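First comes the structure, then the notes that go with it.
Read-outs throughout are calculated quantities, based only on the coordinates presented, and are distinct from any laboratory measurement. The model shown is predicted, which means the values in this text are computed figures rather than measured ones. Ideal geometry is used to build each Cβ from the backbone, glycine not excepted, and the neighbour counts take in all protein chains shown.
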Amino acid sequence: MIATPADSEGPEAARGQDASPSGFMRWKLVGPGIVVAATGVGAGDLVATLVAGARFGYALLWAAVIGSIVKIALAEATGRYHLATGSTILEGWRSLGRWTSWYFGTYIILWGFVYGGTAMSATALPLSALFPGFLPFWAWGGLSGLLGAAFVLLNRYAIFEAVMKLFIGIMFVVVVGLAILVAPDFGEALRGLVPRLPDGSVIYTLGLIGGVGGTITLAAYGYWVNAKGWTGPRWMGMMRFDNRVAYIVTGIFVVAMLIVGAELLHAAQISLSGGDRGLLDLEAVLAERFGSKVATIFLIGFVATTFSSILGVWQGVSLLFADFVRNLRGIHAAGDRTDLETSSAFRFYVLWLTFPPMILLTLGQPFALIIAYGAFGAFFMPFLALTLMWLLNGRAMPREWRSGWLSNLLLALSSILFAVLCVNQIWSML
């Protein structure tokens, strides 16, 4: 089992506070981590992993493993802040100064508009391929957004979590099944765990480490932890276990996708289209090599991947927005956080993600939309990593739960990694 940062940090007295379940009961309670992982792994992430496997074979397998460890560190830090302080990440950001509110408020409004169009377009792709001619592309996209909004507005966290577990189960079975079907070379895979950088692989390596498993939805992890009923330091052990399980599953998922790219595309020198459409190219390759049934099963996994991202963002990022509005209004009582899901701000943001971006669907996912989404995604992760370092070492954090050397090291490395990716994204736009 991979150790999470700060697992062995803090005095024994602090560990004694942990009254969370153990044994089989822990496995039954796993959930918020699965939700954040299912939300964070989107079609674009799968294409990035496939392209890395297609170009470099197994050489970057080690980067996929390190990427999972980085995301474990970030999600653990978010969950630890919520549990140790009793505050939300939005309250923490506000304590750092008003600049964080301006940054986050501007970001979440612009990002929501761009992401809504991107997510609905991504879900329309496999649906159009599964049911050719049944509905136009824009209608599939709009329908997926409407279904996501209706589900989130009509259901509370428990049902939401159960459905997200179902989707990640489908994703996992389909992708791992494909990896087994293409017959991986275990010797090459083991050699791929040794860090090396083939020519031209630096940006792909950084993307694998930093790009798979969530961006802004990592900040929603603490809210899902609280929605599960985990509050206070006594749930720290359960939160860490939940987080590890989720990102180990994500790691297996990413490794499986890289194996598919290495075995199916690398040897045949097959290239994929950019963006989400690359998965349709893979569907055509699968149909040619394994038949239409395998290709159809893959498209079902594709739908599970994209629609789970819609559900997760419509629910999780709307919680972030609702808490942002609550903080702007100066409401800080703990009891006022329990009804974020029923607040008018939550409902507004769900609708903001759904209706205005439908305009973008009629444009056929223009190139400018793809560029804008990539840019917005790049700007959030350095902000998250840097502010988490600040908050987890600040005075408001109880001393026994502050970050130790390992947590600080991983957060610092994450900050540098995401800053480099951000600069590269801007450079590629120019």
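As a rough guide to protection, the peptides 379-385, 395-401, 97-103, 257-263 ranked by mean Cβ packing within 10 Å, highest first, stand as 257-263, 379-385, 395-401, 97-103.
Treating only the Cβ of Lys, Arg, Asp and Glu as charged (+1, +1, -1, -1), what charge dipole size does the range 125-261 show about its Cα centre? Round to the nearest 20 debye.
Numbers: 8 positive and 5 negative charges, 99 e Å.
Charge dipole, the range 125-261, about its Cα centre: 480 debye, nearest 20.
With a Förster radius of 22 Å applied to the beta-carbon distance between Arg156 and Arg234, the computed FRET efficiency rounds to 0.40.
Per-residue packing, averaged as other Cβ atoms within 10 Å, sorts the ranges 306-314, 343-351 into the order 306-314, 343-351, beginning with the highest.
The angle between the Cα long axis of helix 367-392 and the main principal axis of the chain comes to about 30°, on a 0 to 90 degree scale. Per the Kirkwood formula applied to alpha carbons, the range 21-429 shows a radius of gyration over Rh ratio, Rg over Rh, of 0.95. In straight-distance terms, cross-link reach from Lys28 covers every one of the lysines whose alpha-carbon lies under 22 Å from its own, apart from those fewer than eight places away in the same chain; here that gives Lys165, Lys228. The HN-Hα couplings worked out from phi for the range 304-311 by the Karplus form 6.51 cos²θ - 1.76 cosθ + 1.60 (θ = phi - 60°) are 4, 5, 6, 6, 5, 5, 4, 4 Hz, whole numbers, x standing for Gly and Pro. The charge dipole of the chain, taken about the Cα centre with unit charges on the Cβ atoms of Lys, Arg (+1) and Asp, Glu (-1), comes to about 740 debye, rounded to the nearest 20.
Couplings 3J(HN,Hα) of the range 193-200, computed from phi: 7, 8, x, 7, 10, x, 4, x Hz, in residue order, whole Hz [Karplus 6.51 cos²θ - 1.76 cosθ + 1.60, θ = phi - 60°; x for Gly and Pro].
If packing is taken as the mean number of other Cβ atoms within 10 Å per residue, what is the order of 33-46, 124-137, highest first? Walk me through the numbers on the way to the answer.
Values: 33-46: 27.8, 124-137: 16.4.
Ranked from most to least packed, the peptides come out as 33-46, 124-137.
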